[in-house]
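The values are calculated or read from the model by the stated rules, or taken from the named source; none is laboratory data. Keep in mind that this is a model prediction, so the values were computed, not measured. Cβ coordinates were reconstructed from backbone atoms using ideal geometry, including for glycine residues, and neighbour counts include every protein chain displayed. Each accessible area value is taken on the protein alone, full model and side chains, heavy atoms only, with ligands, DNA and RNA left out. Shrake-Rupley method; radii C 1.70, N 1.55, O 1.52, S 1.80 Å.
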Amino acid sequence: EGRDYVFTQMEDMYARRAFPLFDEPSFKIPWRLTIEAPAELTVIANTPVDSTTETDGKQRVSFAETKPLPSYLLAFAVGPLDRAPIEGMSVPGYIYTPRGGTDKLGFVLREAPRIVAALEDYFGSPYPFEKLDFVAVPDFAFGAMENPGLITYRTDLLMVGDEASGSTAETVLMVIAHEVAHIWYGDLVTMEWWNDLWLNEAFASWMAWSIIERLYPEFDSQLTLPQASAFAADESTASKAIRRTVRTSDEVFEGAGLNYTKGRALLRMLEAYVGPDDWQASIRKYLERYAWGNATEQDLWAVVSEVSGHDIAAIASAFLNQPGFALVTVEEDGTVTQNRYRLPGQASEDLQWNIPLTIKYKKDGDIRQTFYLLDHERGTADLPEATEWVFPDAGGNGYFRWATDVGRFYALVDDADELSDRERVALLDNSEALFSIGALSLADYLYVLERLLADPHPLVFLPALENLKTIGDEFIDESTADA
């Protein structure tokens, strides 16, 4: 709008363009910024202003020393910024906008304190910095950035007006929860090197959606499966492990989408495995132990194993350090096998995982559940004879595909009312994956769709309808229309 502003984005290695420094996350030290600017402009940074002096139309603004931070979290902004206070947080905070934008902040001003309070409650510790400002940045290609005390957001993520609804509201709330969660995952405890970027992004994504599910149940966010979008990228022979050696800046964000989707899915699966109480206690202990310092994947798993009594590293390591995922087959006698899931015609290295299986099954009219850790290519789950059906992904949290014999699969589909809404979404998604590799015929797959098209929940019914439309678009032509 004809006005000049300065906004910063230092991640991953851009701080070296602004200052002479060691621009690596393990160099975590206190910083003190001083900025000179025209006196009429607003100047903000990570910390509160310490002092300001003015001379000849210039201002010299000195900011309080930061807590130990890596250079990629330094931030400042200068320009004709307006601001509105965020009321009700444990620390002071404002939302800064380009000139004239504060009348569009009502929704975020109202909801942000709820999200911050919920995060403080989960972590069992108050927001750890002196202030919490949000900044609306025009045309911000990065979307948002978790700079402590000065979180930046693209304008359309903050300036949404007094009311927001539907996917717009859900997205805005999720991004706020994600960035504020980073204050603990990434800012308070920082990865030692970029090969553990997933530590930041996966945890912030998992935590954000957990908060949205808890605070805003009207969105039914739990019916959006993170593994569903991750599988689509991870099944490619070109996919890479989300934890891998990073040597250059270009490699930091290579394939970074899986840090969010696959990483979040893995954390949800591990939380279900150890139990939510032990998981939360582990997270709190991890943050307490490594506060203001750096940590690695092994540091995290050591704490979770210590608290829960489970060898989490033995499960998590393969999912993080190698690409792809397994197809788990459960046979009638309880034999369980795993092979790498591959699309037809793919050639890729055969890998194995330690896979926690929570198996729901029906026997003599009763719905029961058992657990089995598949830690080899083949094993035997504790399943009684003559089960009517088997659902190997109880809860819908597994990062794997699964198959059973066709007879019990049909029985499961017929009995889909015995599954939760999330499990029925997972059933649909898994059926599509089996169809894609020829493990289900088109007739079998249509049987699933026909059953779920009658589902009363719109977030189950609508994906089934979309999948049916896809079949029409891809398979029906003049030669097949009659059939």
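Considering each of 87, 1 in turn, give the residue that is open to solvent by 20 Å² or more (accessible area, probe 1.4 Å), in contact with a Pro (Cβ under 8 Å, 6 or more places away or on another chain), farther than 22 Å from residue 295 by Cβ and modelled with pLDDT under 95.
On the way: 87 fails: modelled with pLDDT under 95.
Of the residues listed, the single one that is open to solvent by 20 Å² or more (accessible area, probe 1.4 Å), in contact with a Pro (Cβ under 8 Å, 6 or more places away or on another chain), farther than 22 Å from residue 295 by Cβ and modelled with pLDDT under 95 is 1.
All of (1) in a helix (DSSP H, G or I); (2) closer than 16 Å to residue 147 by Cβ hold for residue 115 with one exception: (2).
Just to verify a result, which residue in the stretch 121-135, among those that are free of Cβ contacts under 8 Å to residues at least 60 places away in the same chain and out of contact with any Gly (no Cβ under 6 Å at 6 or more places or on another chain), is surrounded by the most Cβ atoms within 10 Å (Cβ to Cβ)? Selected residue: 134. Looking across the stretch 40-64 at every residue that is of a type in the set (A, V, I, L, M) and under 36 Å from the mean Cα position of the chain (by Cα), the one that is most open to solvent (accessible area, probe 1.4 Å) is identified as 49. Of all the numbered requirements in (1) within 30 Å of residue 232 (Cα to Cα); (2) of a type in the set (Ser, Thr, Tyr); (3) open to solvent by 40 Å² or more (accessible area, probe 1.4 Å); (4) at pLDDT 95 or above, residue 317 misses one, and that requirement is (4). When only residues in the stretch 320-351 that are surrounded by fewer than 21 Cβ atoms within 10 Å (Cβ to Cβ) and hydroxyl-bearing (Ser, Thr, Tyr) count, which is farthest from residue 270 (Cα to Cα)? Looking at residues that are surrounded by fewer than 21 Cβ atoms within 10 Å (Cβ to Cβ) and hydroxyl-bearing (Ser, Thr, Tyr), I get 348.
Within the stretch 458-480, being surrounded by fewer than 19 Cβ atoms within 10 Å (Cβ to Cβ), in contact with an Asp or Glu (Cβ under 8 Å, 6 or more places away or on another chain) and without any contact (Cβ under 8 Å) to a residue 40 or more places away in the chain holds for one residue alone: 461.
Every residue, every condition in (1) within 27 Å of residue 168 (Cα to Cα); (2) polar (S, T, N, Q); (3) touching a Phe, Trp or Tyr at 6+ places or on another chain (Cβ under 7 Å), yes or no:
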site: 60; (1), (2), (3): no, no, no
site: 63; (1), (2), (3): no, no, no
site: 94; (1), (2), (3): yes, no, no
site: 129; (1), (2), (3): no, no, no
site: 134; (1), (2), (3): yes, no, yes
site: 139; (1), (2), (3): yes, no, no
site: 144; (1), (2), (3): yes, no, yes
site: 152; (1), (2), (3): yes, yes, yes
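Selection of first residues in the stretch 373-394 that are closer than 24 Å to residue 316 by Cβ and open to solvent by less than 20 Å² (accessible area, probe 1.4 Å) and of second residues that are at pLDDT below 95 and of a type outside the set (A, V, I, L, M), restricted to Cβ pairs under 6 Å at least 6 apart or on distinct chains, gives the following pairs, ordered by first then second residue: 381/334. Here residue 367 meets each of (1) out of contact with any helix residue (DSSP H, G or I) (no Cβ under 6 Å at 6 or more places or on another chain); (2) in a strand (DSSP E or B); (3) of a type in the set (A, V, I, L, M) with one exception, condition (1).
Of the helices (runs of 4 or more DSSP H) lying entirely inside the stretch 145-258, those containing at least 1 residues that are of a type in the set (A, V, I, L, M), in contact (Cβ under 8 Å) with a residue 40 or more places away in the chain and in contact with a Gly (Cβ under 7 Å, 6 or more places away or on another chain) are 197-215.
Only residues that are aliphatic (A, V, I, L, M) and free of Cβ contacts under 8 Å to residues at least 40 places away in the same chain: list them for the stretch 334-372, please.
Going through the stretch 334-372, the residues aliphatic (A, V, I, L, M) turn out to be 336, 343, 347, 351, 355, 357, 359, 367.
If the condition is that a residue be aliphatic (A, V, I, L, M) and free of Cβ contacts under 8 Å to residues at least 40 places away in the same chain, then 351, 359 are the ones that fit.
Of all the criteria given as (1) more than 28 Å from the chain's Cα centre (by Cα); (2) open to solvent by 30 Å² or more (accessible area, probe 1.4 Å), the one not satisfied by residue 448 is (2).
With respect to the conditions (1) touching a strand residue (DSSP E or B) at 6+ places or on another chain (Cβ under 7 Å); (2) open to solvent by less than 50 Å² (accessible area, probe 1.4 Å); (3) under 21 Å from residue 196 (Cβ atoms); (4) of a type in the set (Gly, Ala, Ser), residue 37 falls short on a single one, namely (3).
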